Amino acid sequence: MTERLSLKIHGIVQGVGFRPFVHKLVHGYGFGGYIKNTSSGVEMELEGEREQLEKLLRELPERAPKLALIESLEARFSRELKGFTSFEIESSRREERNNTLVSPDICICDDCLRELRDEGDRRYRYPFINCTNCGPRFTIIKDLPYDRAKTSMAVFPMCPDCAEEYGDINDRRYHAQPDCCEKCGPQVFSLDGDGKKLPGDGIELARQALKNGEIVAVKGLGGMHLACRWDDEALVRELRRRKQRDEKPFALMCRDVNCARKLCHVSPEEEKMLTGYQRPIVLLKKKEPGLEYLSENAYLGIMLPYTPLHYLLMGEDIDMLVMTSANLSDTPIMYKNREALSDLRGIADSFLLHNREIQTRCDDSLCWELEGREYFIRRSRGYVPYPLTVRRELKSILACGAEQKASFCLSRGGYVFQSQHIGDLKNFETLESYRQQTEHFKKLFDIVPEAAACDMHPDYMSTAYAEDLAIPLVKVQHHHAHMCSCMADNYLEGEVIGLVWDGTGYGLDGRAWGGECLIGGYGGFRRFGHILPIAMPGGDRAVKETERLAFSLMEASGLDSSKIAGADIYKKMLSTGLNCPLSSGMGRLFDAAAAMLGIKTMCSYEGQGAVLLEAAAAEDEEAVYPYALESRPLVFDWREMIRAIARDMDEGAGNSVIAAKFMNTLIDMAAETVKAAGRETGLDRVCLSGGSFQNMYIMKRLPRRLSAEGFRVYHHCRVSCNDEGIALGQLMVADARLRG
Ligand code: ZN
Ligand code: ZN
Ligand code: FE
């Protein structure tokens, strides 16, 4: 019997190829009806046999495009027919502009990969092959509505063959804006170190150069990479020297998962993440210690090829390559041919470039796998600008983020658009990029923020930027923002216990905080506990020269610190308090412990001491050091622990045991602190946030411990736990405050 099906779908179903998908699906059934966009999703009506309609209803969520997120589906059947004769996509231009989402850049799909390798296909070995299900998006879009004219593809008019595919609803390339081929699309080319074009097949030339041990700059989706052999230690060290990236780990690109397995353990969950369409760099545990010239810690960052160009570059015979973003020190990733050719002169021996412009730079994403999901260090390519849903209506707010790992958020309705990784705003180029990106996002998503949110830190460039906007401004305490970011990440409302551990953040009292236990929600918070502050002789210098912190801990604990070079000077600073600020940052405690153990006394990047301490730790050590937890306010007094560490060192206990016991102690302290907070408030939900939770030793143990104590534990899964994720929390707090 013929019936009419009315369907309302909520979620992220616009701008993700949903309507063409529905059109195709419905076409197969031959139903009449229509589909149109609404403010919260799509609405459709169909007429056909009841049984067939029900079948479609089952197929719809199963076969929906990769980027669609169906949050709810309301279906209603009726026998009153409207007599549709055909199926129509109803468009309403203005509405579309308001609601369109922009897809992230998606790795090449299996169909395109097959064609790329098929000698009989007209796109055989064509490095820009793509379709509706894959290819560049965010990085080539200039403006909306999303069509070819407003992308980097505008300068490549389609040939008749491509145009035909583009217009055919039954074709995989129906409305694929970047659709192109050898005849009509962009081209790759190789250049020598001086920027002179080399004759011949660009990709073959680059492959030979790589095999011969050259450093090759390769233009990717969101920026340039520097690539070279992974197995030539001298070469990789030379790349470090040229790039002035002395100690930070380099990522590898592996041809496939089996290649990754040669160096790292890959669990089924990690494999899924590696091969997912976002293609992040996944941090995988090394099979055995070593390869320090690639990564000095226990992990290797590995990604699989994600563009057709990468696949052609690796071919059948290159298993892995070092692939690190091309930037100098802390400047943003390079993305223009001209700047690459000038700024990478002397760094790259040759270049593999192409003539499709990158509109928006976007770094590779970086994460661990935790409980089957991404645990981000950097949420960028493949994810951005896919919005985060929050399940509440938000005011339009621009949250400006922090400083070193800058990122911002813009909200519209139930969506939060988080920017890609931007970098350290202390850098002029990065700040410029930050300004550009906020403007780009505002335009792209048609958002005019009515208010802004920022950190309380008076010296953050993002704070200065927010103050200049001349719209109502809400300043949010750093760790409060971290906690609320984790709440929003997990769709939490009400009040929680927040464990917020990071390097540093501006406290309500103007001091550096960072080993915090907070209680509260979006509306406000109080400081329930923190770690005993650590004196930092020389202020910020102690962040790099961490031996100063080791000195400070030992002094405070009544230990002999005279073996530390410079102890006399530090002692003077400590006794006069001159240039010796206090910090309760957990990162400082980690750095100090790493320095005390001689693991790292001079840090070249943020969190290095902690990373190496984690790498040193034994997996099977259960012991805990003694410590004191004073009450009201709850303060973790680490002095007894430091004395016990010194004793262990004297007795030759070894760094692996001491490092593990140190972290076990923090886990124990965290559990006791949370229990005390729970007793006092009756709360049983705990949010973990802050950069110190980029420690997998702790992340594999602390949640388990807290769960065993009867708490519900939440960690980040959609945004980073470090300062990159802070804008989301700022936004939620600002929204709550603006509503009174
Ligand atoms: Zn494809
Ligand atoms: Zn073509
Ligand atoms: Fe922080």
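With respect to the conditions (1) crowded, with 21+ Cβ neighbours inside 10 Å; (2) over 26 Å from Leu366 (Cα atoms), His716 lacks only one, and its number is (2). Here Pro104, Pro157 are screened, and the one residue that is within 29 Å of Phe189 (Cα to Cα) and within 16 Å of ligand 2 (Cβ to nearest atom) is Pro157. Does any residue of the stretch 379-391 turn out to be closer than 23 Å to Gly135 by Cβ and among the aromatic types (Phe, Trp, Tyr)? For the stretch 379-391, residues closer than 23 Å to Gly135 by Cβ and among the aromatic types (Phe, Trp, Tyr): present. Considering every residue within the stretch 658-665, establish whether at least one is more than 21 Å from Ser720 (Cβ to Cβ) and open to solvent by 50 Å² or more (accessible area, probe 1.4 Å). Within the stretch 658-665 (the criterion being more than 21 Å from Ser720 (Cβ to Cβ) and open to solvent by 50 Å² or more (accessible area, probe 1.4 Å)), the answer is no, since none of the residues qualifies.
Is it true that Gly195 is away from ligand 2 (no atom under 13 Å from the Cβ), farther than 28 Å from Phe445 by Cβ and either out of contact with any helix residue (DSSP H, G or I) (no Cβ under 6 Å at 6 or more places or on another chain) or open to solvent by less than 40 Å² (accessible area, probe 1.4 Å) (or both)? When the stated conditions are applied, Gly195 passes them.
Among the residues of the stretch 154-189, those identified as within 16 Å of ligand 1 (Cβ to nearest atom) and loosely packed, with under 14 Cβ neighbours inside 10 Å are Asp168, Asn170. Residues in the stretch 164-186 that are under 20 Å from Gly120 (Cα atoms) and under 34 Å from the mean Cα position of the chain (by Cα): Asp171, Arg172, Arg173, Asp179, Cys180, Cys181, Glu182, Gly185.
Only a single item in (1) modelled with pLDDT of 95 or more; (2) assigned to a helix (DSSP H, G or I) is not met by Lys443, and it is number (1).
Being over 24 Å from the mean Cα position of the chain (by Cα), away from ligand 1 (no atom under 15 Å from the Cβ) and outside any loop (DSSP other than H, G, I, E, B) is the filter here, so list the residues in the stretch 102-152 that pass it. Answer for the stretch 102-152, where residues must be over 24 Å from the mean Cα position of the chain (by Cα), away from ligand 1 (no atom under 15 Å from the Cβ) and outside any loop (DSSP other than H, G, I, E, B): Arg148, Ala149, Lys150, Thr151, Ser152. Restricting attention to the stretch 130-153 and to residues that are charged (D, E, K, R) and more than 15 Å from ligand 2 (Cβ to nearest atom), the residue that is surrounded by the most Cβ atoms within 10 Å (Cβ to Cβ) turns out to be Arg137.
For Ala727, are the conditions met, namely being modelled with pLDDT of 95 or more, surrounded by 23 or more Cβ atoms within 10 Å (Cβ to Cβ) and in a helix (DSSP H, G or I)? The answer is yes for Ala727.
In the list Leu738, Leu688, which residue meets the criterion of being out of contact with any Gly (no Cβ under 7 Å at 6 or more places or on another chain), open to solvent by less than 10 Å² (accessible area, probe 1.4 Å), in contact (Cβ under 8 Å) with a residue 24 or more places away in the chain and not β-branched (Val, Ile, Thr)? When all the criteria are applied, what remains is Leu688.
Where strands (runs of 3 or more DSSP E) fall entirely within the stretch 630-719, those with at least 1 residues that are closer than 22 Å to Ser557 by Cβ are at 634-637.
A single member of Leu69, Leu53, Leu46, Leu81 is touching a Phe, Trp or Tyr at 6+ places or on another chain (Cβ under 9 Å), open to solvent by 40 Å² or more (accessible area, probe 1.4 Å) and of a type in the set (A, V, I, L, M), and it is Leu69. Does Met323 fit the bill of being in a loop (DSSP other than H, G, I, E, B), at pLDDT 95 or above, open to solvent by less than 30 Å² (accessible area, probe 1.4 Å) and not assigned by TED's automatic domain parsing to the domain that holds Ala154? Against the criterion (in a loop (DSSP other than H, G, I, E, B), at pLDDT 95 or above, open to solvent by less than 30 Å² (accessible area, probe 1.4 Å) and not assigned by TED's automatic domain parsing to the domain that holds Ala154), Met323 does not qualify. Total residues in the stretch 617-640 satisfying the condition of being closer than 15 Å to Tyr697 by Cα and open to solvent by 30 Å² or more (accessible area, probe 1.4 Å): the figure is 6. The condition of being open to solvent by less than 40 Å² (accessible area, probe 1.4 Å), touching a helix residue (DSSP H, G or I) at 6+ places or on another chain (Cβ under 7 Å) and in a strand (DSSP E or B) holds for only one of Gly609, Gly529, Gly538, Gly587, that being Gly529. In a residue-by-residue description of the stretch 337-349, the property of being touching a Cys at 6+ places or on another chain (Cβ under 7 Å) and in contact (Cβ under 8 Å) with a residue 12 or more places away in the chain applies to no position.
Against the criterion of being of a type in the set (Val, Ile, Thr), more than 26 Å from Ala671 (Cβ to Cβ) and within 27 Å of the chain's Cα centre (by Cα), Val500 does not qualify. In the condition set (1) in contact (Cβ under 8 Å) with a residue 60 or more places away in the chain; (2) in a loop (DSSP other than H, G, I, E, B); (3) open to solvent by 20 Å² or more (accessible area, probe 1.4 Å), Asp317 is compliant with all but (1). Cβ-Cβ distances below 6 Å connect no pair with a first residue in the stretch 421-447 that is not assigned by TED's automatic domain parsing to the domain that holds Leu469, a second residue that is open to solvent by less than 10 Å² (accessible area, probe 1.4 Å) and in a helix (DSSP H, G or I), and a separation of six or more residues or different chains.
Within the stretch 191-200, can one find any residue that is at pLDDT 95 or above and within 25 Å of the chain's Cα centre (by Cα)? No - not one qualifying residue is present in the stretch 191-200. Can you find a residue that is open to solvent by less than 10 Å² (accessible area, probe 1.4 Å) and within 30 Å of Asp143 (Cα to Cα) anywhere in the stretch 490-506? For the stretch 490-506, residues open to solvent by less than 10 Å² (accessible area, probe 1.4 Å) and within 30 Å of Asp143 (Cα to Cα): absent. For beta carbons closer than 7 Å, sequence separation of 6+ or different chains, a first residue in the stretch 108-128 that is closer than 18 Å to Gln187 by Cα and a second that is open to solvent by less than 70 Å² (accessible area, probe 1.4 Å) and at pLDDT below 95, the qualifying pairs are Ile108/Cys134; Cys112/Cys131; Cys112/Cys134.
The values are calculated or read from the model by the stated rules, or taken from the named source; none is laboratory data. Predicted model, so just to flag it, every value in this text is computed and none were measured. Ideal geometry is used to build each Cβ from the backbone, glycine not excepted, and the neighbour counts take in all protein chains shown. Note: areas computed on protein heavy atoms with side chains; ligands, DNA, RNA excluded. Shrake-Rupley method; radii C 1.70, N 1.55, O 1.52, S 1.80 Å.
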